[in-house]
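Notes for the one structure printed next.
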Amino acid sequence: MSQEQLVAAVRHFNRSVTQRVGALDDTYLTRGRPLAQARLLWEIGPAGAEVATLRTRLNLDAGYLSRLLRVLEGDGLVLVGSADGDGRVRTARLTAAGRAEWDVLDRMSDELAWSILEPLSDSQRARLAGAMAEVERLLMASLVDLQPRHPGDPAARACLRAYARELDRRFGGGFDPARSGVDEEALVPPHGVFLVAALSGEPVGCGALWLHLDEPAEIKRVWVSESVRGLGLGRRIMAELERRAAAAGADTVRLDTNRTLTEAIGLYRATGYHEIPAYNDNPYAHHWFAKPLDPAAAPPR
């Protein structure tokens, strides 16, 4: 399909869904408030939630979120205050009336979902539920933001800690990052780059590029959270690192990996990497790979 056809299909889908679920109504589920207020009330939930978390989770402007919260407070459904006496952290909690309204919304949301499914046959219901799950995963993939960060950035640190924990768990003798042969300063421009993938503000993946002066560029520290595996994020991180290497003038990238990382090995082979002799003395490496790059095919953005 052409780009125009793809865009038209997405727009048609969006119109159909917003109309079917009642997103266009001023009183969502006949409860006297629009969808944005109902969704915020739902996200606060019986357990309450930090305002900063709500802003990130719903991707809302701080001012708009504050206005929504003020409306819900004015209706006696929500209380906003400091968390455990810490004035720096604001928390939204449901009042008794808010919890009762949440219960009604929960019940009516179930009824709306069943009203969509009820006219269909059993096989159609299964197809629709499966298609919705696939759409949700693909939309999640499209929401992942991939940006360069300093390795010392908190999000980058979180990724590196998760990366080290996973390797420590999977490697027979554990994993010590200090023995894997890369310095933080080698992963910042102009020597390299460190990419962090984030979903709703939460770091869910990373990858690094090390640009050597007289040797091929090297890819390091590629990690994807288990929560988003299967969305193609590993391929996206690799492609972006390769693009940046080509834009910097590299004609080849290479990497090393451990034999236990069978998924990574499969990804490398599927994306054009070929096995080469060892080029370093990384104590955790059992396989070494390289891939030729076409700088003309990866211009800087």
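The values are calculated or read from the model by the stated rules, or taken from the named source; none is laboratory data. These numbers come from a predicted model, not from an experiment. So basically every Cβ, Gly included, is an ideal-geometry build from the backbone, and we count neighbours across all protein chains shown. Heavy atoms of the whole protein, side chains included, go into the accessibility calculation; ligands, DNA and RNA do not. Shrake-Rupley method; radii C 1.70, N 1.55, O 1.52, S 1.80 Å.
Do we find that VAL196 is open to solvent by 10 Å² or more (accessible area, probe 1.4 Å), closer than 24 Å to ASN59 by Cβ and in contact with a Cys (Cβ under 9 Å, 6 or more places away or on another chain) in this structure?
no
Name, by its number, the condition in (1) polar (S, T, N, Q); (2) within 24 Å of LEU139 (Cα to Cα); (3) surrounded by 12 or more Cβ atoms within 10 Å (Cβ to Cβ) that does not hold for THR95.
Checking THR95 against (1) polar (S, T, N, Q); (2) within 24 Å of LEU139 (Cα to Cα); (3) surrounded by 12 or more Cβ atoms within 10 Å (Cβ to Cβ), the one that fails is (2).
Which is free of Cβ contacts under 8 Å to residues at least 40 places away in the same chain and either surrounded by 14 or more Cβ atoms within 10 Å (Cβ to Cβ) or in a helix (DSSP H, G or I) (or both), of LEU112, LEU105, LEU79, LEU120?
LEU79
Does segment 176-197 contain any residue that is in contact (Cβ under 8 Å) with a residue 60 or more places away in the chain, over 13 Å from the mean Cα position of the chain (by Cα) and part of a loop (DSSP other than H, G, I, E, B)?
yes
Looking at the structure I just gave you, is GLU275 at pLDDT 95 or above, more than 27 Å from the chain's Cα centre (by Cα) and outside any helix (DSSP H, G or I)?
On the way: at pLDDT 95 or above: yes; more than 27 Å from the chain's Cα centre (by Cα): yes; outside any helix (DSSP H, G or I): yes.
For GLU275, the condition - at pLDDT 95 or above, more than 27 Å from the chain's Cα centre (by Cα) and outside any helix (DSSP H, G or I) - is met.
Filter segment 49-76 down to the residues that are of a type in the set (A, V, I, L, M) and loosely packed, with under 13 Cβ neighbours inside 10 Å and list them by number.
ALA62 - this is the single residue of segment 49-76 that is of a type in the set (A, V, I, L, M) and loosely packed, with under 13 Cβ neighbours inside 10 Å.
Determine which member of the set ASP176, ASP106 is at pLDDT below 95 and farther than 27 Å from ARG39 by Cβ.
ASP176
Tell me, which residue of segment 7-30 that is over 27 Å from the mean Cα position of the chain (by Cα) and open to solvent by less than 50 Å² (accessible area, probe 1.4 Å) is farthest from ILE116 (Cα to Cα)?
TYR28
Yes or no: VAL204 surrounded by 13 or more Cβ atoms within 10 Å (Cβ to Cβ), closer than 22 Å to PRO283 by Cβ and touching a residue at least 40 places away in the same chain (Cβ under 8 Å)?
Taking the combined requirement at face value, the residue does not satisfy it.
Could you list, in sequence order, all residues of segment 52-64 that are more than 20 Å from the chain's Cα centre (by Cα) and under 19 Å from GLU202 (Cα atoms)? Step through it out loud before you land on a result.
At the first step, the residues of segment 52-64 found to be more than 20 Å from the chain's Cα centre (by Cα) are 62-64.
Within segment 52-64, ALA62 is the sole residue that qualifies.
Conditions first: (1) open to solvent by 20 Å² or more (accessible area, probe 1.4 Å); (2) without any contact (Cβ under 8 Å) to a residue 60 or more places away in the chain; (3) outside any helix (DSSP H, G or I). GLY172 passes all but one, so which condition is the exception?
(2)
Exactly one of (1) in a helix (DSSP H, G or I); (2) touching a helix residue (DSSP H, G or I) at 6+ places or on another chain (Cβ under 9 Å); (3) open to solvent by less than 10 Å² (accessible area, probe 1.4 Å) is unmet by LEU209. Its number?
All conditions pass for LEU209, except number (1).
Give me a count of the residues in segment 234-272 that are assigned to a helix (DSSP H, G or I), touching a Pro at 6+ places or on another chain (Cβ under 9 Å) and crowded, with 19+ Cβ neighbours inside 10 Å.
Number of matching residues: 3.
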